[in-house]
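Below is one structure, written out as structure tokens; the observations come after it.
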Amino acid sequence: MKSILLFFVCLWILSSCKSYQTITPENLEDTSEENHQEIIKGNLMTLEKDAKIKVISKSSAELRLSYRSYSSDTLYANYNLPKNKFPVKVPIQEIEEIKVLKSDVKTTVILSAVGLGGFILVTAVSFSDFAPDIGIPF
């Protein structure tokens, strides 16, 4: 039982956290429509095929997609479904923001430290004389 718990705790500590992050830190609200589309196209140029992206439209709808390619006025992608890859076309003029799924180092370090601290606490309590008194089933 302890070895299974130890395995899952180690697996959780070593796993990385991922989050959707903006590609460019520029404020797109202050730009003109033509400049906004050029910034979006520039963001699309930096993406690799099959990158997991979140497209936020001007109507505030969010689409989680797998990037394929783009043309001068359209983003081509697939919905992120396990087995079925449904293609979707998104007009670039309807895109407000694009975020890409990346590893978040800061969150990973914080959660790993918390997990490691919890693991040390559980291990210390389980091997001490205090554990049988509080009813921990180890």
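Quick notes on this one:
- All positions within the range 102-119 that are exposed (fewer than 13 other Cβ atoms within 10 Å of the Cβ) and farther than 22 Å from Thr22 by Cβ: Ala113, Val114, Gly117
- Annotation note: of Leu14, Leu28, Leu44, the sole residue that is within 22 Å of the chain's Cα centre (by Cα) and either of a type in the set (Phe, Trp, Tyr) or at pLDDT 75 or above (or both) is Leu44.
- In the range 68-82, the condition of being over 20 Å from Gln21 (Cα atoms), within 16 Å of the chain's Cα centre (by Cα) and not in a strand (DSSP E or B) is met by at least one residue.
- Considering only residues in the range 89-101 that are surrounded by fewer than 16 Cβ atoms within 10 Å (Cβ to Cβ) and out of contact with any helix residue (DSSP H, G or I) (no Cβ under 9 Å at 6 or more places or on another chain), the one that is farthest from Gly42 (Cα to Cα) turns out to be Lys89.
The values are calculated or read from the model by the stated rules, or taken from the named source; none is laboratory data. Owing to the predicted nature of the structure, the values given are computational and were not obtained by experimental measurement. Positions of Cβ are backbone-derived with ideal geometry, glycine not excepted, and every protein chain shown enters the neighbour counts.
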